[in-house]
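First up is the structure itself, then whatever we jot down about it.
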Amino acid sequence: MRNAGVAANPQASLPDIMQGGNEIRAAYRLFAEEDVKHQALIEPHIAATLHGITSSVPELNHLRSQLNLD
């Protein structure tokens, strides 16, 4: 999937972002998988964001252990 296209225009439709029918079908197959959950896809991003925040703001260092970021 073209992550840069999605990030650049998150409101765009998949046909506008993808290049060709094969990419569009693959994206829809991925989204249709019961094992694919939004939370599982976004957890690494959340963890990286929180790690960056708690690393750069000393007052938030106590959150590191609470969020299991160590």
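The values are calculated or read from the model by the stated rules, or taken from the named source; none is laboratory data. Since we're looking at a predicted model, the values are computed, not measured. With ideal geometry, Cβ positions are generated from the backbone for all residues, glycine too; neighbour counts draw on all protein chains shown. SASA here: full protein model, heavy atoms, side chains in, ligands and nucleic acids out. Shrake-Rupley method; radii C 1.70, N 1.55, O 1.52, S 1.80 Å.
When LEU30, LEU41, LEU50 are screened for being in contact (Cβ under 8 Å) with a residue 12 or more places away in the chain and either within 30 Å of LEU63 (Cα to Cα) or touching an Asp or Glu at 6+ places or on another chain (Cβ under 7 Å) (or both), only LEU50 passes. Among all positions in the range 7-23, there is at least one residue which is open to solvent by 60 Å² or more (accessible area, probe 1.4 Å), among the polar types (S, T, N, Q) and at pLDDT 85 or above.
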